[in-house]
Amino acid sequence: MARKLKRLRNYSEALLPAEHRAQRDKLPLRISWSTWLYPTMIILSIVAASLVTFVFSGIVVRPFLLMWFLFVCPGMTVVRFFQLNEVVIEWLLAFALSIALDTFIAGILLYAGWWSPIHILVILIGFCLIGAIMQFVVIYSSSI
Amino acid sequence: MKSTLPANNRIPASSIRCVTCNAIPPSSANFCGICGAKLDKRVKAWSIGSILYKSVLVLLSLTAFVLWFLSLRYVNLQHMTDLGLVSVLPAPSIFALIMLVVSFCMALHQKKLFEPLLLLHLLLLIFMLYGVTTLVEQQPRFSIVYQHAGITEFIMRTGTVDPYLEAYFNWPGFFIFSAFLTRIAGYHDILGYATWAPVYFNLFYLAPLYIIFTTATTDKRIIWLGLCFFYLTNWIAQDYYSPQGLNFLLYLLVLAILLKWFKRQASVTSRQQPTMRRRLGRLSPFIGSIYEWLTAPDTLLTPVKPRQRRTLLASIVVIFAFMVFSHPLTPFFTIAAVTALVVFGRITPRWLPVLMSAMTVAWAVFMARPYLAGHLAAILSDIGQLGRAVTSNVTSRVVAGNPEHILISEIRIVMTCIIWSLACAGAILRLRQGYRDVNYILLAIVPFSMILIQSYGGEMLLRIYFFTLPIMAFFAAALFYATPAKELLVPTKMTSMLRAEGRALTGTTSLLVKVMIGVVSVVLLVGFLFTRYGNERVDYVTNAELAGIRHLYSIAPTGSLLLAGWDETSWQFQGIEQYRYYVLSDDTDLSHALITKNVAPIVQFIESSKTPKTYLILTRSQKAMAQRDGLPPDTLDQFEHALLTSRKFVLVYNNIDAQIFLFIRSTGK
């Protein structure tokens, strides 16, 4: 049903006159369950990544949870502000930007002579935390 | 203008769907407003027949997968010849692959295209084509992966990069990320997850390829067949755990974003076009018409808000910065593609290639200076040397090696010619039918310009093949579905803009074309098994080989000279700066000494090196490589015997696939 509605929306998007599109684009953010989902997912990922790194470091799922966090969260923190409404592109961009951000932070610390994977992770966690909180703020201010 | 749309801008859903482009038109429509195809209202979304047909195809694909998986138990790598993996693949596994491809072709020709079914086929195909080596082999394939493991290990251990030690450290982005990921995820080295790289890289390529193809056509059949062709012809094997494997994904993503959201609007191009066309037309009518074709407004524009446009551009710049940081070659392919699109007015903004070039030059000048200082003369001497580039890229690859390897090289050339010919025919056909594929033709042509700049150690043509493959696969698929571009029958604002994309009104394909698609797909599949895995006897690494090399590191003191008899040794995965590495076959005299079993020149070389200890290692991969290069099969075995009888070497480790010799220095001196 959701896919049908999305196709219908794309179809109507193509037929919508430009002036209507411009008016619609000025409207505030449309709030749906998925709008809340992403910052919640980022917060939960931060909690999981922190737990498996600092508390249960010997746990079997550690590589998977950390890979999930490193490959998705930093990018998704940024991409959600783009409001692309294209799931595939959003996830692809999140993946690409996550790798780029992870590498830039790691690279800066390495060239500065402060190489420490734990510190890199802490910076990324902080970045994602701020981004997720900002997403909540934007959603909350749009919903009132 | 008063809109005729309902107040909420929504059109009621209908139970029918366009068989060509899968759009859901309003229930009252007779023609699809997106692609112009006539709507067949007799085709119901979920009739009993279609459910049964889909179920059969799902079962067929899953049966093929199970059959393939079970048959892999009978693969015996020790019996492999220089024809590669295909020489040991059981017949049922090849039959299963053919079954899957045929099932995909059947799914492609349902009256109502069901994309999840096609996706299932493609996912299984990717796993079966690219995951087979991981399942049947003991360790990650390719000796270069072990070198990448060593670069990563250096960063993990020292927390620095040394641009003077290895060229990789001049573009270290990928390895810095690897080092961080490996350490933080709790792995010892990259080998644990690098082995699955071909599978996950190819899975990741799927999404940007799909987006690129959807910017070119609304015909889903071309899109899915193009995707299938891409995976059946991606034999270049640049998708192992490497910077280029990841950077190719980013290259595709940048192109996908630019082609989807940054095409120039019709209103922008039409202002200057008539004047310029008139001026050029006065010079030559042909040039005028070429100009008109090149600058014609694009179809299939995706609406984008200015804010989204800015953020997407910022994303492209960030992603490109990572490319510049992590690979020397991919930024040049990206700049070439973006420049061509900008120069011919296909995309905006115009400053993007300038910024990309500035970033690349800045990195080369400030960060990759150690590499440039040592290689600048060689790089500059390569520019414009087309003859030398062709010799190193094609001729030397085809004539070198034993007869089986030469056959593999010839099959690769034939398969390349087949996909390029199909693409060329497809592009010409679409051109004649009235489609304006300027963007895609530019993207297919521009990478070839790179061979004028660099031979890239004889690999440039392979890279060009890789970077042009997505577009070639698209045009090859379009050959089977190209139908005249027609004026759309429902003239709306959007459809008049999309008129060049008008598809066949019936959306049906003749039986002959269906059979042709099946035959071509199976030919490409069989060719793939030879082209992709033709060097597998050399490329695979056994547990015994790796155990031998690990033992070497455990006994060799720091500063030792480590010698390999021939190429393709899976070493350097630890302590790359702590040892001196040398391959005897890299030196003409030493290589000749090895072939003639004359140990004296090798002893002389070792004694002149003045290292505390010297170890010589011979492995299964080296023997396979020497044999592939045309030497008799027992050359390295006889050399091994010569080493022992010379009394200058003593065997300190021996297993089925690796032998380590310690050089005994003469005490008299």
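Think of chain B as having a plus end and a minus end, set by charges on the Cβ of Lys, Arg, Asp and Glu; of B:S289, B:S570, B:Y74, B:S289 sits farthest toward the positive end of this dipole. Ellipsoid fit via the Cα gyration tensor, segment B:178-268: semi-axes of 32, 17, 9 Å, each the root of five times an eigenvalue, largest first.
Computed from backbone phi with θ = phi - 60° and the Karplus coefficients 6.51, -1.76 and 1.60, the 3J(HN,Hα) list for segment B:147-156 is 5, 4, 4, x, 5, 5, 4, 4, 5, 4 Hz; x is used for glycine and proline. Near the amide H of B:A564, within less than 5 Å, lie the amide hydrogens of B:Y582, B:V583, B:L584, B:I617, all on another chain or at least 5 residues away, with H placed in the peptide plane. Considering only protein heavy atoms, what per residue accessible area in square angstrom results for segment A:43-143 with a 1.4 angstrom probe? About 43 Å² of surface per residue is accessible. Shape class of segment B:292-444 from the Cα gyration tensor (axes a ≥ b ≥ c, square roots of the eigenvalues): oblate, since a/c reaches 1.5 or more and a/b does not exceed b/c. Taking only Cα atoms, what is the 0 to 90° angle, nearest 10, from helix B:173-184's long axis to the longest principal axis of chain B? Tilt relative to chain B: about 80 degrees.
Working from label points 7 Å from Cα in the Cα-to-Cβ sense, the B:V365 to B:F69 distance is 5.6 nm. Going from the isolated chain to the complete set of protein chains, segment B:318-352 loses at least 20 Å² of heavy-atom accessible area (1.4 Å probe) at B:V318, B:I319, B:F322, B:F325. Amide H to amide H distances under 5 Å link B:I347 with B:R264, B:V342, where only residues 5 or more positions off or on other chains count and H is placed in the peptide plane. Applying the Kirkwood pairwise sum to the alpha-carbon positions of segment A:21-144 produces a hydrodynamic radius of 15.5 angstrom.
Between the Cα long axis of helix B:285-294 and the first principal axis of chain B there is an angle of about 80°, rounded to the nearest 10. Over what distance in Å are the Cα centres of segment B:543-569 and segment B:113-181 separated? When both Cα centres are located, 22 Å separates them. Please give me, ordered by residue number, the trypsin sites (Lys or Arg not before Pro) of segment B:574-610 that lie in loop per DSSP and have at most 16 other Cβ atoms within 10 Å. Listed in order of number, the matching sites are B:K597, B:K610. Its Cα centre serving as origin, chain B has a Cβ charge dipole (Lys and Arg +1, Asp and Glu -1) of approximately 3520 debye.
Every pair of different Cα atoms in chain B enters the Kirkwood calculation, which places the hydrodynamic radius at 27.8 Å.
Show the residues, 5+ positions off or on another chain, whose built amide H is closer than 5 Å to the amide H of B:V652. When sequence neighbours closer than 5 places are left aside, the close amide H contacts are B:I660, B:F661, B:L662.
DSSP beta bridges fully contained in segment B:542-663 are about 55 percent antiparallel. DSSP beta bridges confined to chain B are antiparallel in about 60 percent of cases. Set Lys and Arg Cβ to +1 and Asp and Glu Cβ to -1, take the dipole of segment B:542-663 about its Cα centre, and tell me which of B:P632, B:S591, B:A544 lies farthest positive. Positive-end residue among those listed: B:A544. The accessible surface of chain B, taken with every protein chain in place and a 1.4 Å probe, is 65 percent carbon and sulfur. Total buried accessible area between A and B, probe 1.4 Å, nearest 100: 5100 Å².
Measuring heavy-atom accessible area with a 1.4 angstrom probe and counting protein chains only, the residues of segment A:55-84 that give up at least 10 Å² relative to the chain alone are A:R62, A:P63, A:L66, A:M67, A:L70, A:F71, A:F81, A:F82, A:Q83, A:L84. Annotation: extensible slack from B:N76 through B:V519 equals 156.5 nm (criterion: 0.36 nm per residue apart, minus Cα-Cα distance). Averaged per residue, chain B has 40 square angstrom of accessible surface, using a 1.4 angstrom probe with ligands and nucleic acids left out.
The values are calculated or read from the model by the stated rules, or taken from the named source; none is laboratory data. As the structure is a computational prediction, the values presented were derived from the model and not from experiment. Neighbour counts run over all protein chains shown; Cβ positions are idealised from the backbone, glycine included. We work out accessible area using only protein heavy atoms, side chains counted, and drop any ligands, DNA or RNA first. Shrake-Rupley method; radii C 1.70, N 1.55, O 1.52, S 1.80 Å.
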